[in-house]
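Rule-based calculations on the coordinates, nothing more; no lab input. Remember, predicted model here, so these are calculated numbers, not experimental data. Cβ: placed from backbone, ideal geometry, glycine included. Neighbour counts: every protein chain shown.
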Amino acid sequence: MYEYFVIYDEILRIYMNFLQNLMLNYASRTINSDVEFMNIVLSDGSYIILEGDEKRVSIPFPKGIATTHTHPGICLFSHKDLETADHLFSIGYAVVSVMNTKCISSLYRRGVYTLDDKLALKNLVGKIKKAKNLEEVINIYRNLAFPNYLKFITYSI
C-alpha cells in the first residue's frame, strides 16, 4: 500500500525526464535568442509546445497537469511566474517549472493546494518583487519553505 503522495512524486519524476529529453533543445534556443518557449502537459496526457516573445511567453492556460517555460538567464521564478503558478495550482496543475540549459526549478504539489500554501506563495511573490539584486533573490529561494503540500526543488541538468 502506498500513500497518495507517491502519485505526485511519480508525476514529477516523469515530467523531469520529459523536460530533459524534449525541452533542452528549446532552452538552448532561448539562450541564443531570448525567445521563450512553453510546454503544457494537458489533462489527457498530450502536450503542446508554444513559442513566445523575447523574455516572455503567455497564454490563457487550458486544463492541464504540468507546465514549464524556458528562461534566458537563471532558472528561478520571477514574481510574475509565481503569480501564474498560484493560478495554475488553483485550477489543478501539479507541477510548474522554469528551466534553462543548466537547471530546472519546479514548484510542485504533493497533495491539495491549501490556503496556507497559497498565502505562502503570495508572500514569496512580495519578497521577490522587493528584492534589489540577484543575490537577494537567490537567498530568498535558498530559505524557501511552504507549510503544507507545496514544494520547491531545483535540478541540475
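So the values come out like this:
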{"read-out": "Over 19 Å between alpha carbons, listed pairs 80/132; 63/122; 118/151", "value": "63/122"}
{"read-out": "Sequence ranges 97-110, 139-152, ranked by mean other-Cβ count within 10 angstrom, highest first", "value": "97-110, 139-152"}
{"read-out": "Long-range amide H partners of residue 114 with built H, under 5 Å", "value": "149"}
{"read-out": "Under Karplus coefficients 6.51, -1.76 and 1.60, residue-wise ³J(HN,Hα) of segment 107-113 in Hz, glycine/proline x", "value": "9, 8, 8, 10, x, 6, 8"}
{"read-out": "Residue-by-residue Karplus 3J(HN,Hα) for segment 86-93, coefficients 6.51, -1.76, 1.60, Hz, glycine and proline x", "value": "4, 4, 5, 5, 5, 9, x, 4"}
{"read-out": "Fraction of antiparallel bridges per DSSP, the chain only, in percent to nearest 5", "value": "85"}
{"read-out": "Dipole magnitude of segment 40-157, debye to nearest 20 (Cβ charges: Lys/Arg +1, Asp/Glu -1, about Cα centre)", "value": "320"}
{"read-out": "Under 5 Å, built H, 5+ apart or other chain: amide partners of residue 68", "value": "39, 97"}
{"read-out": "Contour excess over end-to-end distance, with Cα ends at residue 145 and residue 13 and 0.36 nm allotted per residue", "value": "45.5 nm"}
{"read-out": "Karplus (6.51, -1.76, 1.60) ³J(HN,Hα), θ = phi - 60°, over segment 27-37, in Hz, Gly and Pro reported as x", "value": "4, 4, 5, 5, 4, 7, 10, 6, 7, 8, 10"}
{"read-out": "Length-normalised contact order of segment 3-154 in % [C-alpha pairs under 8 Å, at least 6 apart]", "value": "21"}
{"read-out": "Amide H contacts of residue 35 (H built 1.01 Å from N, under 5 Å, at least 5 apart or other chain)", "value": "55"}
